[in-house]
Each structure stands twice: as structure tokens, then as C-alpha cells.
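Structure first, commentary second.
The values are calculated or read from the model by the stated rules, or taken from the named source; none is laboratory data. Given the structure is predicted, the values throughout are model-derived calculations rather than measurements. When we count neighbours, we look across all protein chains shown, and the Cβ atoms used for this are built from the backbone with ideal geometry, even at glycine.
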Amino acid sequence: MSAVADKYSELQNLGVEVFSVSVDSHFVHKMWNDHELSRMVEGGVPFHMLSDQAGNIGRAYGVYDENQGIELRGRFIIDPDGVIQAMEVLTPPVGRKFAESVRQIQAYQLVRASKGTEATPAGWMPGDPVLRPGPDLVGNVWKVWKPHE
Amino acid sequence: MEAKPQGCARITGAVLGEPPPAAPGPPDAPATTRKEAAMTARVGGKAPDFNAPAYFKGGFTNVQLSAHFGKWILLCFYPGDFTFV
């Protein structure tokens, strides 16, 4: 979570609200912030750290591990309509890559701004060409996009 | 931010807008468990609403997810505080 806290301003610039969730109490969240995270990240954790001690929220999102009593690394991008656009779930030993979350948010924001008329090809980064699905694009994707680009 | 009185009860996050869990049946009853019933998150679907106690910038507060609809939200679960990754 310190990786997200460190780059929080990038998300703020994109108008994104961040919530972290674990089975720890909000009291423990405070201790973790005060004693460790605030030493990694200037000013401490800038977003809300939620407590889900009974795992209720984790179950609803399919990330609660009943055997271990913990929540897996689940990351959800929720759009302004409250619809989940993307999810990624990792087991505990491997961390997420923050830049990929940002890339996906930027792609979904572009699609939304275009009212669904644009789509982003694999590996799309902001500034790269986008696809405009329609009759003219059928069979012609190769003209505007190649996998190695 | 509104300061909430902190009691000693073990308060926890709760999913909103769901019927209360059914009374447990006999052990060999068909497993229409609340686990399965409650797992509703999928891409393209509505994010399950919830309410949870939270720590935020030195204070304690409550977060209801749907109160923040209208903005983009990044919701991140992780195994636990003071873990290493």
C-alpha cells in the first residue's frame, strides 16, 4: 500500500478516490501508518484505510481467503456509475504494479470520455493511437496498429 | 471529518443492501451459503456497496462506498498491516 500512498498525487490528478481494505482494525491501521508507513511516505497515508475484520466486504468482492482469514491482493477500478470496470487479484507474495493501475484508469477514462466510440489496443499508453470500432475497422486493424509497436 | 465515538465492540465492515443471512441448515444441506450469495463482484457489474470503519489522516471515520459514486474509485485489498510486500 505504500506504493500507492507514494504516488497518490498521480491518482488525485486523475480524479480517483482510493480506499484500501484489510482485515486489520482501523486502530492497527493507525499504528501501521504512524510507525511504519509514515516513515516510507512523506506525510503518511493520504487515503482512507478501511477495516473489514469479519471479511464481509472481502467476501462480496471474492477476495476473502477463508483458510487464512486474510484478504488477497484484489484491486478494483470502479467507474463514476459504480460499475466495476477492472479487477486484478494476486495471492499475497507478489505485489501489484502501480503504473499498470494508472494505465488502466487512463484507458477507461478515455473510453468513457468517447462515450464508448473509442477502444484502446493491447499495451496502449496515453498518447498512443486508439481504435474506433465500426464497419471501417473490420479487417483493417493491421493498418492502424501492430503488436510490436 | 466527523469524529466517531470509539467503543470496545469489534466493529467491522458490512456489505449493504443484502438480505440478512439465512439460519444455518443441517450440515448436509445444499450449500447455498451466504459466501456464494454474497460474492457479487464481477467486471461490468455494480460494485457491491458497503460501510466500513476507517482510519484517515489521524482520525477515525466511516466510509460508505456508494457515497463516492460519481468519482473514479480504486479499491485495494491487501493481506494485512505490517506485512512485507
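Summary table below
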quantity	calculated
Residue check, A:VAL83 at pLDDT 95 or above and farther than 15 Å from A:MET1 by Cβ	yes
Qualifying residue in the stretch A:90-104 (condition: among the aliphatic types (A, V, I, L, M), over 24 Å from A:ALA3 (Cβ atoms) and without any contact (Cβ under 8 Å) to a residue 24 or more places away in the chain)	no
Residue within the stretch A:132-144 that is surrounded by 12 or more Cβ atoms within 10 Å (Cβ to Cβ), of a type in the set (A, V, I, L, M, F, W, C) and either in contact with a strand residue (DSSP E or B) (Cβ under 6 Å, 6 or more places away or on another chain) or not in a helix (DSSP H, G or I) (or both) present	no
From A:VAL111, A:VAL83, A:VAL130, A:VAL94, residue being out of contact with any helix residue (DSSP H, G or I) (no Cβ under 7 Å at 6 or more places or on another chain) and more than 12 Å from every other protein chain (Cβ to nearest Cβ)	A:VAL111
Residues that are more than 13 Å from the chain's Cα centre (by Cα), at pLDDT 55 or above and surrounded by 15 or more Cβ atoms within 10 Å (Cβ to Cβ), drawn from the stretch B:11-55	B:LYS46, B:TYR55
Search result, residues across the stretch A:37-78 that are facing chain B (nearest Cβ under 7 Å) and either among the hydroxyl-bearing types (Ser, Thr, Tyr) or assigned to a helix (DSSP H, G or I) (or both)	A:SER51, A:ASN56, A:ILE57, A:GLY58, A:ARG59, A:ALA60, A:TYR61
Condition met for A:GLN109 (under 30 Å from B:ASP81 (Cβ atoms) and in contact (Cβ under 8 Å) with a residue 24 or more places away in the chain)	no
Residue count for the stretch A:114-127, restricted to those that are exposed (fewer than 11 other Cβ atoms within 10 Å of the Cβ) and either away from chain B (no Cβ under 14 Å) or in a helix (DSSP H, G or I) (or both)	4
Pair list, Cβ < 9 Å and 6+ apart or interchain, from the stretch A:1-30 residues that are within 17 Å of A:GLY74 (Cα to Cα) and at pLDDT below 95 to residues that are of a type outside the set (Ser, Thr, Tyr) and in a strand (DSSP E or B)	A:MET1/A:MET49; A:MET1/B:CYS76; A:VAL4/A:VAL18; A:VAL4/B:LEU74; A:VAL4/B:CYS76; A:ALA5/A:VAL18
